[in-house]
Amino acid sequence: MYLMILDADKRHIFLDLELYMVNADEDFSNEEKMIIDAHCMEMHIDNNQYEPHLPLDEVLKRIKDNFSAREKHIVFLELAGAILADGILHEGEQKLVSLLKECLELSQDEIDRAYLIMSEMKSVYEKCAEYVR
């Protein structure tokens with residue numbers, strides 16, 4: 001939705017972070033792959049064979065140091081869709097979200113709001129898909 005607002009370097013950093021997030025539960029689902037592929041199409045970048053280029057600590061450092069508050073909100077909103085793709089917030093994902101909360105300087109209310117927005121969107125998309133069958 002908003003990933004094209006990020007510059008090219010930040011898009012690649014987002015992709016690395018998203019790849020770490022979807023692999024945090026050690027179950028890389030087809031739904032998660034579809035979301036990553038859709039994000040890559042939106043950002044006009046390759047999916048890197050679903051492998052991050054940078055270590056997680058470097059990704060987090062670059063986000064914390066170089067992303068604006070608006071960009072940090074974009075990052076989490078878009079990640080929330082991937083986190084919720086399989087309908088389960090796994091323990092590994094929860095741990096990474098805890099790290100992100102500090103890195104992105106987001107409150108728990110902001111985190112919860114992003115989850116709610118993306119849950120509602122997912123529900124609407126599912127209804128649309130059902131309608132057009």
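The values are calculated or read from the model by the stated rules, or taken from the named source; none is laboratory data. The structure displayed is predicted, hence computed values, not measured ones. Neighbour counts are summed over all protein chains in view; Cβ atoms, including those assigned to glycine, are modelled from backbone coordinates with ideal geometry.
Descriptive notes on the structure:
- Note on the range 67-98: residues that are free of Cβ contacts under 8 Å to residues at least 60 places away in the same chain, buried (at least 22 other Cβ atoms within 10 Å of the Cβ) and either of a type in the set (G, A, S) or not in a helix (DSSP H, G or I) (or both) total 2.
- Scanning the range 54-66 for residues that are assigned to a helix (DSSP H, G or I) and either surrounded by fewer than 19 Cβ atoms within 10 Å (Cβ to Cβ) or small (G, A, S) (or both) gives L56, D57, E58, K61, R62, K64, D65, N66.
- Looking across the range 105-133, the residues that are surrounded by 11 or more Cβ atoms within 10 Å (Cβ to Cβ) and of a type in the set (F, W, Y) come down to Y115, Y125.
- Number of the exception - H12 against (1) surrounded by 15 or more Cβ atoms within 10 Å (Cβ to Cβ); (2) closer than 29 Å to D109 by Cβ; (3) out of contact with any Lys or Arg (no Cβ under 9 Å at 6 or more places or on another chain): (2)
- Options E105, E130, E126: the member that is over 22 Å from M4 (Cβ atoms), assigned to a loop (DSSP other than H, G, I, E, B), out of contact with any Asp or Glu (no Cβ under 8 Å at 6 or more places or on another chain) and of a type in the set (D, E, K, R): E105
- Unique match (being among the acidic types (D, E) and either in contact (Cβ under 8 Å) with a residue 24 or more places away in the chain or surrounded by 14 or more Cβ atoms within 10 Å (Cβ to Cβ) (or both)) among E102, E51: E51
- Selection status of G92, under 16 Å from the mean Cα position of the chain (by Cα) and over 20 Å from K10 (Cβ atoms): yes
- For the range 82-89, the count of residues that are within 22 Å of S107 (Cβ to Cβ), modelled with pLDDT under 95, over 12 Å from the mean Cα position of the chain (by Cα) and not small (G, A, S) is at least one.
- Among the residues of this structure, V97 counts as one that is modelled with pLDDT of 90 or more and either touching a His at 6+ places or on another chain (Cβ under 8 Å) or within 19 Å of R70 (Cα to Cα) (or both).
- Residues in the range 115-133 that are small (G, A, S) and closer than 26 Å to K101 by Cβ were compared, and the one that is nearest to the chain's Cα centre (by Cα) is S119.
- Contacts under 8 angstrom Cβ, first residue in the range 15-33 being within 13 Å of K95 (Cα to Cα) and among the acidic types (D, E), partner part of a loop (DSSP other than H, G, I, E, B) and modelled with pLDDT under 85, 6 or more apart: D25/I88; D25/H90
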